[in-house]
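Asker: My questions will all concern the structure given below.
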Amino acid sequence: MTTPTVKISRDQHIWAFSADMAPVVTVDPGTVLEIETWDCFTGQVQSESDTLDKLDLTRINSATGPIAVNGALPGDSLSVTLIDILPNEQGAGMVIPEWGQLIEHAKSPTTRIFKVKDGIIRMNENVTFPTRPMFGVIGVAPAEGEVGTFLADRHGGNMDDHKNGIGATIHLPVFQPGGQLAIGDMHASMGDGEISGTGVEIGGKAIIKVDLIKGKAGGWPITETADAWYTHGTTADSIDGALKNACEEAAKLLVDEWGFTMEDAYIFLSVAGDLGIAQYCHPSPGSVIARMRVPKISAAPHPFKM
Ligand code: CA
Ligand code: ZN
């Protein structure tokens, strides 16, 4: 059943994931919702003259929600399936001053407007490419305090992994009763690393389904697709640390859930796992996010044994 029974508008949103945030809706596991999300600039970028220096930077990365799930308790996973992601017709990408892997080569802040239609993104008359819709921000209430939606940590947040696209299920570790899911920062497309700091930033709608896995959770969000599961690791600014965190999480699950020895998990991940970068737009004030792709095999078909 994929007909949404609950709708949430883009104006029901948060700017930070906080431990004590109140839900806008409480639903049962298995509920299908339609959510609307703002683009990360909250509609402030409409033309190529709208460069970052002209924006109100307090209005960046809203996340629609929070959505509480009945029965979610610390130690569980709140599993959200992105059944469909439907971008609007115009998005934007940017060169942001002092950000990213090529910034010393860029002459000026630049905004590029993209048109999106029928699954194709048009950058200019020569450059077109297929959409790969995904959400940058997917998270739940953290263990304590407040984490802005610009950052990523164990609760998720600004994960910026394009594997969080149509058909993926993201298993978020629950830290607070109800979990308190919020989602935003849609991209019509975003590459590994997001090296300038933006995807094709766009608003839109999505159909999602929420569910629970009782008594099982990763150390960070885990993304499951048809053929693989992906662990994540985040740090403030160390790609080495993020990569190591993603590796350790994958090995831990193979050992704890599927009975691998640590040595066999280590070798299996070396020969069949794919270590990669989700987000590494540095320098920038954002987090660094790595992932480990673990192929679904009969000996470890899911992140958790159930
Ligand atoms: Ca982002
Ligand atoms: Zn974004």
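Values in this text are rule-based calculations from the coordinates and carry no lab data. This one's a predicted model, so the numbers in the text were calculated from it and none came from an experiment. So basically every Cβ, Gly included, is an ideal-geometry build from the backbone, and we count neighbours across all protein chains shown.
Asker: Identify all aspartates and glutamates with a Cα-Cα distance to K244 below 15 Å; exclude those on the same chain that are fewer than 8 residues away in sequence.
Answerer: In chain and number order, the partners are D153, D274.
Asker: Report the one residue of I195, L253, S287 whose Cα lies farthest in the direction of the positive end of the charge dipole of the range 193-306 (charges on C-beta: Lys and Arg +1, Asp and Glu -1; origin at the Cα centre).
Answerer: L253
Asker: Let me ask something else. Looking only at trypsin sites (Lys or Arg not before Pro) in DSSP loops with at most 16 other Cβ atoms within 10 Å, what is the longest site-free stretch of the chain?
Answerer: 108-213
Asker: Moving on to the next point. Treating the beta-carbon of each Lys and Arg as +1 and of each Asp and Glu as -1, no other charges, what is the dipole magnitude of the range 118-227 about its Cα centre, to the nearest 20 debye? Before the final figure, lay out each step's value.
Answerer: On the way: 8 positive and 14 negative charges, 76 e Å.
With only Lys, Arg, Asp and Glu charged at Cβ, the dipole is about 360 debye.
Asker: Under 8 Å for C-alpha pairs, at least 6 residues apart: give me the relative contact order for the range 6-225, rounded to a whole percent.
Answerer: With pairs under 8 Å counted, the relative contact order is 33 percent.
Asker: Which distance in Å, rounded to a whole number, links the C-alpha centroids of the range 19-72 and the range 194-211?
Answerer: The range 19-72 and the range 194-211 have Cα centres separated by 10 Å.
Asker: What distance in nm separates the two pseudo spin-label positions at A106 and L55, each 7 Å out from Cα along the beta-carbon direction?
Answerer: It works out to 1.1 nm between the two label points.
Asker: Residues of the range 195-229 with backbone nitrogen within less than 19 Å of a virtual label 7 Å along the Cα-to-Cβ line of L86, please, listed as ranges.
Answerer: 202-210
Asker: Could you size up the charge dipole of the range 42-108 around its Cα centre, putting +1 on the beta carbon of Lys and Arg and -1 on that of Asp and Glu, and report it in debye to the nearest 20? Please list the in-between numbers first.
Answerer: Numbers: 3 positive and 9 negative charges, 19 e Å.
So the dipole magnitude of the range 42-108 works out to roughly 100 debye.
Asker: Which residues make up the longest stretch of the chain that has no GluC sites (Glu not before Pro) in a DSSP loop with at most 15 other Cβ atoms within 10 Å?
Answerer: 145-306
Asker: With +1 on each Lys and Arg Cβ and -1 on each Asp and Glu Cβ, and nothing else charged, work out how big the dipole of the range 6-225 is about its Cα centre, in Debye to the nearest 20. Mind dumping the intermediate values first?
Answerer: Numbers: 16 positive and 28 negative charges, 80 e Å.
My answer is approximately 380 debye.
Asker: Average projected area of the Cα convex hull of the range 89-208, in nm²? Each step should come with its number before you reach the end.
Answerer: Working: hull surface 34.3 nm².
Mean projected area of the Cα convex hull: 8.6 nm².
Asker: Now a separate question. How much net charge surrounds I207 when only other residues with a Cβ under 12 Å from its Cβ are counted (Lys, Arg +1; Asp, Glu -1)?
Answerer: 0
Asker: Anyone know which of G30, G139, G179 comes out most mobile in the 10 Å Cα GNM of the chain?
Answerer: Maximum fluctuation in the GNM of the chain, among the listed residues, is at G30.
Asker: Ok, one more. Neighbouring Cβ atoms within 10 Å as the yardstick, rank S196, S47 fewest first.
Answerer: Values: S196 21, S47 9.
By the 10 Å Cβ count, ascending: S47, S196.
Asker: Here is a follow-up. Counting DSSP beta bridges in the range 1-144, what percent are antiparallel, to the nearest 5?
Answerer: Counting only bridges with both partners in the range 1-144, antiparallel ones make up about 70 percent.
Asker: So what is the diffusion coefficient of the range 191-306 in µm² per second by Stokes-Einstein at 20 °C and 1.002 mPa s, using a Kirkwood Rh over Cα pairs?
Answerer: 141 µm²/s
Asker: For K214, which lysines qualify as cross-link partners when the Cα separation must be under 23 Å and same-chain residues fewer than eight apart are set aside?
Answerer: Once the sequence-local lysines are set aside, what remains near K214 is K252, K296, K305.
Asker: Using only Cα atoms, what Kirkwood radius does the chain have, in angstroms?
Answerer: Values: mean 1/r = 0.0519 Å⁻¹.
The Cα-based Kirkwood calculation yields 19.3 Å.
Asker: Further question: When the chain is treated as a GNM, springs tying every alpha-carbon pair under 10 Å, which of I267, I166, I121 comes out with the largest mean-square fluctuation?
Answerer: I267
Asker: Under a 10 Å cutoff between Cα atoms, tell me which one of P87, P66, P74 has the largest fluctuation in the Gaussian network model of the chain.
Answerer: Looking only at P87, P66, P74, the biggest GNM fluctuation is shown by P74.
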